[in-house]
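What follows draws every value from the coordinates through simple rules; no lab data is involved. From a predicted model like this one, the values you see are computed outputs, not experimental measurements. Positions of Cβ are backbone-derived with ideal geometry, glycine not excepted, and every protein chain shown enters the neighbour counts.
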Amino acid sequence: MLKYLTGNNHYLYWIVFHSILGALSILTPWILIGWFYLVLLTSAPLLIKKSEGHFFKFTSLIVYVVSFELLGRMSKAYPLIPWEMGKYLLFLLLMAGILMKYRRGTVGWILLVLLLPAIFIDESDQVWFKNVIFNLLGPVNVALAIVYFKNQIVSEEELKSLLKLLALPAISVLTFVVIKTPDLENVEFGLGANFQTAGGFGSNQVSTVLGLGAFLAYLFWRYNWQVSGSRWLDLGLLILFTIRGLLTFSRGGMIGGAIGVLVLIFYQAAAAEYRWTAQRMIFTVIKAVPVVLIFFLVFTYANNISGGNLALRYQGETPGTVAGYKEKTANVFFTNRLNVLKDDLELLLENPVLGVGVGASMYLRDDTRRVAPHLELSRLLSEHGLLGAFYFLILCGLGFKLLKKAHTTSSDAILFAIFVLALFTTFHSAMRTYVSPLLIGLSMLTVYEIDEVEEA
């Protein structure tokens, strides 16, 4: 089945197929379950025997099936598609790939070792095994993804195929959201995340996937990859992903997608070989004009639908700040994340070396007790101590290496943009979904022209 999904033709048919899949998932989860296991079963030979192009084929399987995590949740396909399927399946498939000797990213093992000591610590005496899995599997998957993906060679066409596979389940989610949302005239827009416009599901996760979809749609449109067979249809996907993502009123996912787009726009100058700073800035501004215009029109449209509340939401306003009885502070703007960070830093100072243990921070904070952290950095610091700080610094160091190469080719710019998007996601959704581990892994690939791949 993967052979047909990764083919160079008929992508429009696959877009239609995944749109139908998203629509039918509203009515019943069984069609999604059937398709999910059909892909897994037909791909089983990849786990048994290597053949020509095996790494690309196996990676295609990882990218595609793991990306159905959110749609599985939204369609209530559990337990046949587990609630946190993305975590578990990504872990299992990465381990399988590593056992097949795809393991060039030595630094990933270092990251894994840094995580281990905190497993044996619990300063709260309240942590259960499920708390450990909930908090730790994301960073573990990041480490394993680096081991598996780093320095593996793919062609530009293969990178294109992988990103298209990443986009298809996002299109299913988009369709689900569009159909499941009531008539927009009947939606009550407030100044918080909107459950209705997220298809009746958690808006943070939906916004994350829709923001990723908007980034990928821009990528396809900008580089004329024509995922749908037409640049105009690709532009339509970009607009639709953006509108529906904005209407969730969950800001993190859309801001992440926008940051990824801005990175690509900036490095278009490098592709045009503008080496002088002034020339690069002028070129960047020129290239940014149509994107800014499109976003302005889309944002204005979505803002009008919401009765002006969308603009207020992105300004950090709340019912309290609008009414005048609550001050608009930085913590209010970031929806209490700064308080969580403050409490986590206090825990770090009290337990600087090894931290309070995996999952223990939410039981020990003063002002934000029992609040699950959305900021992965603060959790790493409080629960892993200085080892968590080293983990994050090494991750940033890998990003810096990508930054130094980003001006070399368009593929390198794309990989850096993917990394930036993935890292930003950890600041609003931690590492609890497939998005950050998978994207960080993909950003570690080495992309060459086809003839260079053959020589290698």
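Taking the number of Cβ atoms within 10 Å of each Cβ as an exposure proxy, the fewest-first ranking of MET444, MET100 is MET100, MET444. Taking amide H as placed 1.01 Å from N in the peptide plane, GLY355 has its amide H under 5 Å from the amide H of GLY385, LEU386, each at least 5 places away in sequence or on another chain. Think of the chain as a dipole: +1 on every Lys or Arg Cβ, -1 on every Asp or Glu Cβ, centred on the Cα centre; then among PRO319, LEU403, SER228, SER228 lies furthest on the positive end.
Rg ratio for the chain: its Cα radius of gyration over 2.2 N^0.38 Å, N being its residue count, equals 0.96. Rounded to the nearest 20 debye, the dipole magnitude of the stretch 1-134 is 580 debye, with +1 charges on Lys and Arg beta carbons, -1 on Asp and Glu beta carbons, and the Cα centre as origin. Put simply, when 171-184, 199-212 are sorted by average Cβ atoms within 10 angstrom per residue, most first, you get 199-212, 171-184. Assigning unit charges at the beta carbon (Lys, Arg +1; Asp, Glu -1) and nothing else, what dipole magnitude in debye, to the nearest 20, does the chain show about its Cα centre? So the magnitude is around 360 debye.
Karplus-based coupling profile of the stretch 198-204, in residue order and whole Hz: 9, x, x, 10, x, 5, 4, with θ = phi - 60° in 6.51 cos²θ - 1.76 cosθ + 1.60 and x standing for Gly or Pro.
Using θ = phi - 60° in the Karplus curve 6.51 cos²θ - 1.76 cosθ + 1.60, the 3J(HN,Hα) couplings for the stretch 97-107 round to x, 5, 5, 7, 6, 8, 8, 9, x, 4, 4 Hz; x is entered for Gly and Pro. Bridgeable lysines around LYS76 (alpha carbons under 30 Å apart, same-chain partners fewer than 8 residues away excluded): LYS3, LYS57, LYS87, LYS130, LYS164, LYS180. Sequentially through the stretch 388-402, phi angles give Karplus couplings (6.51, -1.76, 1.60; θ = phi - 60°) of x, 5, 5, 4, 5, 5, 5, 4, 5, x, 5, x, 5, 4, 5 Hz, Gly and Pro residues having no value and appearing as x.
As a rough footprinting exposure proxy, the listed residues SER228, SER361 were ranked by other beta carbons within 10 Å of their own, and the order from fewest upward is SER228, SER361.
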